[in-house]
1. Between residue 179 and residue 62, 0.36 nm times their residue separation minus their Cα-Cα distance comes to what?
2. Which lysines have a Cα less than 26 Å from the Cα of residue 247, not counting those fewer than 8 places away in the same chain?
3. Highest mean first, what order results for 193-199, 227-233 on Cβ atoms within 10 Å?
4. Counting only DSSP beta bridges with both residues in the chain, what percent are antiparallel, rounded to the nearest 5?
5. Which residue fluctuates most in the GNM of the chain (Cα springs below 10 Å): 280, 59, 27?
6. 7 Å from Cα along Cα→Cβ at both residue 2 and residue 52: what's the point-to-point distance in nm?
7. Where q = 0.13, 0.21, 0.22 Å⁻¹, what log10 of I(q)/I(0) comes from the Debye formula for segment 128-266, counting one point per Cα?
8. Whole-Hz Karplus ³J(HN,Hα) for segment 167-184, in order, using 6.51 cos²θ - 1.76 cosθ + 1.60 and θ = phi - 60°, x for Gly and Pro?
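Read-outs: derived from the displayed coordinates by stated rules, not from any lab. All figures in this text were calculated on a predicted structure; none of them were measured in a lab. Cβ: placed from backbone, ideal geometry, glycine included. Neighbour counts: every protein chain shown.
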Amino acid sequence: MKVTGITFIRNAVRYDYPVVEAINSVLPVCDEFIVALGKSEDETQELIERINSPKIRILHTEWDDTLREGGRVLAAETDKAFDAVSDDTDWVFYIQGDEVFHEEGLDRVRAAMELYLPNKKILGLVVNYLHFYGSYDYVGDSRAWYRREVRIIRNDKRIRSYRDAQGFRLNGRPLPSKLVPVNMHHYGWVKPPDIQQAKQETFNKLWHDDNWMQSNIPDVEEFDYGDIDSLKRFEGTHPKVMQPRIKAMNWHFTFDPTRKKMSIKKRVLHAVERMTGVRLGEFRNYKLVR
């Protein structure tokens, strides 16, 4: 069984992306790893090269910044990396530049790939998500955060990255998938407040036009992490590759987990999910197969 990892990235240094940690977190289960490296205005290429792994292959790309609707350019970059995967690969492990896979799940996810490899009807493997916000001590627990997503796909080039690259589809349909009970840590909302604000001013252009940007992105020096609906304190462990970054955190953020900024409807749905584990009306890029 051959496994290829893929990701895309641009300006990782400028926007403080943990892309090195992301790559290193899945590299142990990958036979090779393709980085779709967009033309950057910083030292992102040098950052990737310093990983110094013979498994890594850099694919130089040019982002189409005219694709300013729904983050479509992110899916286009994902597809470039996926299309560069060699035909002899069986599974593709996709990870974004602000995601880090917990090492406790490596053996389990490898076993799942081996188990489902003969079953050609299974096109994807789904993992659980923890979305960190403000600091490494809090995770989002409202319906605004997706609970799971496909991150391992079969090497079938009919599969395409969907919308803003959150997930994948085949002919516009969710992928028949199996859930693997392992954790992906998403750190996209944990950055120094000034860098987070700079990211908002740049990356929202991938989803919205200039009028939306002027109306919705405040002209401030630092991002306001306090404007969030609901968080809970994180009680687990972070991936080992993240420990140096966590120790170097240089800003302070606290939150009262009892504070819930939700409508009555969302409060009811939130309570139902906490009691039953069922998220009513959940959006999915996958179809879980029993």
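1. 38.7 nm
2. 191, 199, 232
3. 193-199, 227-233
4. Taking every DSSP beta bridge within the chain, about 45 percent pair in antiparallel fashion.
5. Highest fluctuation of the listed residues: 280.
6. Each label point lies 7 Å from its Cα, and together they span 2.8 nm.
7. -0.76, -1.37, -1.39
8. Working through the residues one at a time gives x, 9, 9, 10, 6, x, 10, x, 7, x, 9, 10, 7, 10, x, 10, 10, 9 Hz.
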